[in-house]
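Presented below is the structure to which this report refers.
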Amino acid sequence: MMKRLLAQPRLRGLLLFLSVAGPGIITSNVDNDAGGIATYSMAGAHFGTTLLWTLIPIMVALIIVQEMSSRMGVVTGKGLSDLIRERFGVKITVYLMFALVLTNFGNVIAEFAGVASSLEIFHVSKYVSVPLAAVVVWLLVVKGTYRSVEKVFLSACIFYVTYIVAGFLAKPDWAAVGGDIISPSFKMSSESLGMIIGLVGTTIAPWMQFYLQAAIVEKNVSVKEYRMSRLDVIIGSVVVTVVAGFIVLTCAATLFKAGIRVETAADAAQALRPLAGRYCAALFAFGLLNASLFAASILPLSTAFVVCEAMGWENGVDKKFSEAPQFYGLYTMLILLGAGIVLLPRIPLFPVMYISQVLNGMVLPLLLVFMIRLINNKKLMGGHVNGPIYNSISWATVVVLGGLSIVYIGSLLKI
Amino acid sequence: MAVENALREIPGTNAQIFVYFSEIMGRLVCAADGEGLGRLADFKIKMGELFPRVASLAVKPRHGKQILEMDWSNVDSCNTQSIRLNPGAEKLFRPLETGPEEILLREELLDKQVVDTLGARIERVNDIHLIIVHQDLRLVHVDFGARGILRRLGWLRSADKLTNWLFAYQTEERLISWKYIQPLPSHPDKRNLKLNVSARKLHEIHPSDLADIIEELDALNRSTIFRALDTQTAALTLEELDDTKIQTSLITQSPVEQASDILDEMAPDEATDLLADLPGEKRRKLIQTMEKPSREAVEALLKYREGTAGSIMTKDFFSVPGTATVGQAIEEFRKTTCPLESVAYIYIHDAAGKIAGVCTLRHLIIAEREVLLSTLMNTRLITVEAEEKIAEVTGLFRKYKFLALPVVDAGGTLQGLITLKDIMQEELEE
């Protein structure tokens, strides 16, 4: 039966796609984590649709960057930190890992802040929800039950559809939205600069490139199957951007219009009112909680994995603690400290989520420089090095984002 | 050649003669009169000896970009400050080239993954430990430890001070002798690099560890290592691999001759599973090249549907007629050349070929040689038919705690054997 089905070329193509697909789509869904939802909501609420146009160049850059990670994974069969260590030596690798752990740590804090603020809607104190979430996440991964729960997280991502529906229900002025996208405008201010960097940082997070490449390597995708993998990445990237665009749009049509500034989850939840009425808070809380837990189970694990791979330490949850002490140590510490910081009294949860994404955006150009140099290495990539279009877009991303970061830091320091 | 204060790290040893690669890398290379010519970029070693010699230095010249090569024999003195050449040697620089049996330490070993055959796992090289003997610089150890990382970062002294002050403790060295190290070629043109002396060491690693190592490597190194294995080790390692995708890619990348030799060597049921995953054309080609006995076994097994007892059974079993004596059975057993998967039970068939009973190896050993097997055998037999589902067979193993179960056809003739190991593998895969 199966064999006969496989004889049909179209079905065979689909099956091949399904066997290779996954990493790109999963990565993009994890991408819409607590920091993502917070940043997109704030972008819409505080700037209306004026920053919506940025998502188009961001999407192009996202596709290019993710495609590079997955191509490197397929051709070399090695992880990104592995390649960085082998090509650039231990010194650069150690400093880069410090930067990455620090940024990822910011993201871990953001995920736990997401847990805290979503459950605050249900009047659960963060002193209860956050430690509980930390324990659950730690056990999920260490006890190896994560794989089965991944599907639950993934299917709960259907939540993002609510933003698309709410976006239509809010009846935005489509002509004005179109105008904002077609004729980009930008008012120079420290706040809008930070927001643009945050939007880039949350959509093209540095840690995702490591995660995506590792997932591709783990799937043993061969060079022949690569076209399918690329399709997976492109679909994932487009989905992310569409969801992000609708979050911004919905928040612009509701919160921005009403002049609400997003300080808490309850504020951000008002965006879903056209769809869910008075249940909007519950709906938003559910989506934010799922996104936070999903990313919180992947992010610390991926960070520990990447660092251990670069340093040549044993890693993987199939190892015992005594076999891989650095791996478990780093993993546990990220969760413990990440959750701990959220428990500090009076810590502003939404700003924390947003700032972590701005940090992502500032580290990204640095990582990109390494990625571009690796992927253009003939010894490593053979005939699969970047073409001129890829190189110009990726270098442009580095220059623009690097420039924005410098100007932003300058404006913060009031130089 | 004079060697001055090369190393201060290993107390109690003849401390003058060891040096870490990180301590001389990037040092000044100067002419006999002291004129700086360039910086040390790399060392080239020639593989083959137990502790291979540095054959030449790669130097990044002061002017110009191209890396130049200088034979080690032209070095007058070497220490952790600089390398001084013999008079007139500066005219002997030539463009750097590496032959098939030569590797560059920095380019191809430092920071790369290697197989530690002693610990049976993959490690990353943090530093390289060299020794100076009789004017030669030789590679003795590789450094896998945290000290290697700290040394290269330039933090070793401060880290030692800190740990000493805090815990009165110093991190330990993790140096592994070069003879246990299997380097992995880093790019395709070096894949035929004759694996060095330690390649033999690969065979001392247990096949299940080898399988773990292979799974951890990238595709290029996977096939390099796999090709370095002898047929028997390759077959055992292939059986131990969990990922069918890796299994099939290794076998399809091997030349047909070699691949079919490996399949011959594998247990027929394992070989069948592997072949079943290959595309039709490739499968037919491989089966045709296999030797007759294993080819027939594989062809028979391929007939059974997936998920049935027949698909996981082995054709290697031992069966004698009931009219045979214990002595004859033992003789027969001795003559059996194929490696039997299970020797726990000896099956006895009647004149028509139908399975009649079973003896244990213990029976054969303790009974008199003249005793007829038909008088010894246990006739209360549990058998399964080849079309039976695996789940049912697993149930039987649970219930009766056998080491192996005979598989028969509808007429009761023995077709094969399912061992406890086969069942365990099936269970574990689920």
TODO: Evaluate the following for residue A:74: is it hydrophobic (A, V, I, L, M, F, W, C) and under 28 Å from residue B:223 (Cβ atoms)?
DONE: yes
- [ ] Only residues that are of a type outside the set (Gly, Ala, Ser), in a loop (DSSP other than H, G, I, E, B), surrounded by fewer than 16 Cβ atoms within 10 Å (Cβ to Cβ) and modelled with pLDDT under 85: list them for the range B:290-337, please.
- [x] B:291, B:303, B:305, B:306, B:336, B:337
Open item on the list: Regarding the range A:372-387, can at least one residue be identified that is within 21 Å of the chain's Cα centre (by Cα), more than 28 Å from residue A:142 (Cβ to Cβ) and either modelled with pLDDT under 90 or of a type in the set (A, V, I, L, M) (or both)?
Closed with: yes
TODO: Considering only residues that are surrounded by fewer than 23 Cβ atoms within 10 Å (Cβ to Cβ) and either among the small types (Gly, Ala, Ser) or more than 11 Å from chain A (Cβ to nearest Cβ) (or both), look in the range B:117-128 and name the one that is farthest from residue B:212 (Cα to Cα).
DONE: B:118
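Which one is farthest from the other protein chains (Cβ to nearest Cβ), of the residues in the range B:82-100 that are surrounded by 15 or more Cβ atoms within 10 Å (Cβ to Cβ) and not hydrophobic (A, V, I, L, M, F, W, C)?
So in the range B:82-100, the residues surrounded by 15 or more Cβ atoms within 10 Å (Cβ to Cβ) come out as B:82-86, B:89-90, B:93, B:96, B:98.
Keeping just the survivors that are not hydrophobic (A, V, I, L, M, F, W, C) gives B:82, B:84, B:86, B:90, B:98.
Numbers: B:82: 22, B:84: 26, B:86: 31, B:90: 28, B:98: 13 Å.
Restricting to residues being surrounded by 15 or more Cβ atoms within 10 Å (Cβ to Cβ) and not hydrophobic (A, V, I, L, M, F, W, C), the top hit is B:86.
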Task: Where residue A:67 falls short, out of the listed (1) at the interface with chain B (Cβ under 10 Å from one of its Cβ atoms); (2) among the charged types (D, E, K, R); (3) closer than 18 Å to residue A:216 by Cβ - done: (1)
Open item on the list: If I go through the range B:386-395 residue by residue, how many of them are under 30 Å from residue B:329 (Cβ atoms) and either out of contact with any strand residue (DSSP E or B) (no Cβ under 6 Å at 6 or more places or on another chain) or not assigned by TED's automatic domain parsing to the domain that holds residue B:358 (or both)?
Closed with: 1
Open item on the list: So, in the range B:40-59, exactly how many residues are more than 12 Å from residue B:98 (Cβ to Cβ) and either touching a strand residue (DSSP E or B) at 6+ places or on another chain (Cβ under 7 Å) or surrounded by 20 or more Cβ atoms within 10 Å (Cβ to Cβ) (or both)?
Closed with: 8
Open item on the list: Under 7 Å between Cβ atoms, which residue pairs at least 6 apart in sequence (or on different chains) link something in the range B:205-228 that is under 14 Å from residue B:242 (Cα atoms) with a partner that is acidic (Asp, Glu) and modelled with pLDDT of 85 or more?
Closed with: B:207/B:240; B:208/B:240; B:211/B:240
Task: Set A:221, A:240, A:217: member being among the hydrophobic types (A, V, I, L, M, F, W, C), within 14 Å of another protein chain (Cβ to nearest Cβ) and under 25 Å from residue A:102 (Cβ atoms) - done: A:217
Open item on the list: Pairs needed: first member in the range B:361-373, not assigned by TED's automatic domain parsing to the domain that holds residue B:330; second member anywhere, surrounded by 10 or more Cβ atoms within 10 Å (Cβ to Cβ); C-beta distance under 9 Å; at least 6 residues apart or different chains.
Closed with: none
- [ ] Among the candidates B:373, B:396, single out the residue that is more than 34 Å from the chain's Cα centre (by Cα), closer than 18 Å to residue B:323 by Cα and buried (at least 16 other Cβ atoms within 10 Å of the Cβ).
- [x] B:373
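Inspect the range A:88-100 for any residue being more than 14 Å from every other protein chain (Cβ to nearest Cβ), surrounded by fewer than 21 Cβ atoms within 10 Å (Cβ to Cβ) and not hydroxyl-bearing (Ser, Thr, Tyr) and give the result as yes or no. Steps first, answer last, please.
First, the residues of the range A:88-100 that are more than 14 Å from every other protein chain (Cβ to nearest Cβ): A:99-100.
Next, only the ones that are surrounded by fewer than 21 Cβ atoms within 10 Å (Cβ to Cβ) stay: A:99.
Of the ones still in play, those that are also not hydroxyl-bearing (Ser, Thr, Tyr) are A:99.
Yes, there is a match, as at least one residue in the range A:88-100 is more than 14 Å from every other protein chain (Cβ to nearest Cβ), surrounded by fewer than 21 Cβ atoms within 10 Å (Cβ to Cβ) and not hydroxyl-bearing (Ser, Thr, Tyr).
Collect the residues in the range A:224-237 that are within 27 Å of residue A:101 (Cα to Cα) and within 13 Å of chain B (Cβ to nearest Cβ), keeping them in residue-number order.
The answer is none; no residue qualifies.
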Task: Those helices (runs of 4 or more DSSP H) lying entirely in the range A:64-176 with at least 1 residues in contact with a Phe, Trp or Tyr (Cβ under 7 Å, 6 or more places away or on another chain) and modelled with pLDDT of 85 or more - done: A:80-120, A:126-142
TODO: Exactly one condition in (1) touching a helix residue (DSSP H, G or I) at 6+ places or on another chain (Cβ under 6 Å); (2) away from every other protein chain (no Cβ under 14 Å); (3) at pLDDT 85 or above; (4) buried (at least 19 other Cβ atoms within 10 Å of the Cβ) is not met by residue B:178; state its number.
DONE: (1)
Open item on the list: Which numbered condition in (1) closer than 14 Å to residue A:62 by Cα; (2) of a type in the set (Asp, Glu); (3) out of contact with any Pro (no Cβ under 9 Å at 6 or more places or on another chain) is the only one that residue A:191 fails?
Closed with: (1)
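Just give me the residues in the range B:110-131 being of a type in the set (A, V, I, L, M, F, W, C), at pLDDT 85 or above and closer than 24 Å to residue B:150 by Cβ, in sequence order.
From the range B:110-131, those of a type in the set (A, V, I, L, M, F, W, C) are B:110, B:114-115, B:118, B:120, B:122, B:125, B:128, B:130-131; that's our starting set.
Checking the rest, the ones that are also at pLDDT 85 or above come to B:110, B:114-115, B:122, B:125, B:128, B:130-131.
Those that are of a type in the set (A, V, I, L, M, F, W, C), at pLDDT 85 or above and closer than 24 Å to residue B:150 by Cβ: B:110, B:114, B:122, B:125, B:128, B:130, B:131.
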Task: Residues satisfying the stated conditions in the range B:233-249, i.e. over 15 Å from residue B:279 (Cβ atoms) and within 14 Å of chain A (Cβ to nearest Cβ) - done: B:241, B:242, B:243, B:246
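The values are calculated or read from the model by the stated rules, or taken from the named source; none is laboratory data. Computed from a predicted model, the values in this text were never measured in an experiment. Ideal geometry is used to build each Cβ from the backbone, glycine not excepted, and the neighbour counts take in all protein chains shown.
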